[in-house]
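First the structure, in the form of structure tokens, and then the observations on it.
The values are calculated or read from the model by the stated rules, or taken from the named source; none is laboratory data. Remember, predicted model here, so these are calculated numbers, not experimental data. Don't worry about glycine lacking a Cβ; one is built from the backbone with ideal geometry, like all the others, and counts go over all protein chains shown.
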Ligand code: FSX
Ligand code: SF4
Ligand code: F3S
């Protein structure tokens, strides 16, 4: 109750200021704070602390550098069709240096960076977008005559916190795809120390915003995993929360783009979905504000593992994912039946029954295996060049 009161006793003028600056209603603003608190996995009532911090804390100075990348990270944060998010980000942080957004160029831009660093020495948040090429002494990427290596080291020296945004800065991302001719490396590799990473290509803007707001609210960046990823966003596999998971468990798969299974929203595992080996909160958070199901799998495209080192841009898009942590229970349909070695429906059901599975489960197994089997048969027919029924049981 105390926390609720905190929300309502936020200074009226302050909230009025927010309304004016963001062009959003008080209700929307408080709702936004609640969403951020939930994204961060904070307990009930924390939305009040978040609202207060955004309202009263000094906006942290952010110096944002671009290296080897496509600027998709910035685009996802500031995309034009959703000006509210852009306004919120610019309200929460003081973006003092950002090459894509600033009007200054050349020597003026260099001076702006130096000024921002000097004015906020030891206090600014350094955000790095893009990988850092280290081959040939870093000569593949130079800005204002300085290599990305030197710029990163110089700016990181006086930063209060360093955030690597996007997969490129987090672990090399797309530029590091083999044979990686420029030696594209992560921020942590070049600095030789761990940093907070927000991988994704592009990353979800709310995860970035939540990490910054955490810094604002608690004076420190959020708890991270061993790869520097905030645990609130990257501690669950995409597969664990995927809306198509029931189809996976039941053995109902899309086999080709546009086939009956695909049109019915079946699991995309056989199209190469890397959700089973990719940690990200895409299924729960969604991506952007374009409506429900607005994330890769929700739109019908397999997850390519864009947040996961060694998966995104490393494994072929249509290669089957490695099952991590979660494997379908024995009584579920098998994902792939080896030719000639698959259990017959009768023997599999009998085995399940022998193993002590409930009679209901055995019945389900029989039914699911039947479905999966039909899909396998269709695949086999296709590989043998026989006409097939595209509908997958
Ligand atoms: Fe692009 Fe960012 Fe991908 Fe990389 O996002 S969307 S190539 S992660 O650094 O601009
Ligand atoms: Fe979802 Fe992909 Fe897992 Fe299927 S394999 S349930 S589409 S995450
Ligand atoms: Fe990337 Fe997969 Fe999410 S491709 S955006 S991690 S669903």
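Just a few scattered comments:
- Where residue 104 falls short, out of the listed (1) more than 16 Å from ligand 3 (Cβ to nearest atom); (2) in a loop (DSSP other than H, G, I, E, B); (3) under 24 Å from residue 274 (Cβ atoms): (3)
- Top-ranked residue in the range 256-287 [being within 10 Å of ligand 3 (Cβ to nearest atom) and not in a loop (DSSP other than H, G, I, E, B); ranked as modelled with the lowest pLDDT]: 285
- Scan of the range 226-242 for residues that are in contact with a strand residue (DSSP E or B) (Cβ under 7 Å, 6 or more places away or on another chain) and either within 11 Å of ligand 3 (Cβ to nearest atom) or more than 28 Å from residue 171 (Cα to Cα) (or both), ordered by number: 234, 237
- Where helices (runs of 4 or more DSSP H) fall wholly inside the range 135-228, the ranges with 3 or more residues that are closer than 30 Å to residue 29 by Cβ are 205-218.
- Search result, residues across the range 34-75 that are assigned to a helix (DSSP H, G or I), under 20 Å from residue 221 (Cβ atoms) and without any contact (Cβ under 8 Å) to a residue 24 or more places away in the chain: 37, 38
- Test result for residue 221, touching a residue at least 40 places away in the same chain (Cβ under 8 Å), surrounded by fewer than 24 Cβ atoms within 10 Å (Cβ to Cβ), more than 11 Å from ligand 3 (Cβ to nearest atom) and under 26 Å from residue 56 (Cα atoms): yes
- Conditions (1) touching a residue at least 60 places away in the same chain (Cβ under 8 Å); (2) in contact with a helix residue (DSSP H, G or I) (Cβ under 6 Å, 6 or more places away or on another chain); (3) not in a strand (DSSP E or B): number failed by residue 128: (3)
- Qualifying residues in the range 288-324 (those that are modelled with pLDDT under 70 and touching a helix residue (DSSP H, G or I) at 6+ places or on another chain (Cβ under 9 Å)) - the one farthest from ligand 3 (Cβ to nearest atom): 289
- Number of positions in the range 229-249 that are more than 11 Å from the chain's Cα centre (by Cα), within 16 Å of ligand 2 (Cβ to nearest atom) and part of a helix (DSSP H, G or I): 8
- Test: residue 184 is away from ligand 3 (no atom under 12 Å from the Cβ), buried (at least 22 other Cβ atoms within 10 Å of the Cβ) and at pLDDT below 95: no
- In the range 243-268, residue nearest to ligand 1 (Cβ to nearest atom) [restricted to those that are closer than 13 Å to residue 298 by Cα and in contact with a strand residue (DSSP E or B) (Cβ under 8 Å, 6 or more places away or on another chain)]: 268
- Residue that is farthest from residue 238 (Cα to Cα), among those in the range 302-322 that are more than 11 Å from ligand 2 (Cβ to nearest atom) and buried (at least 20 other Cβ atoms within 10 Å of the Cβ): 313
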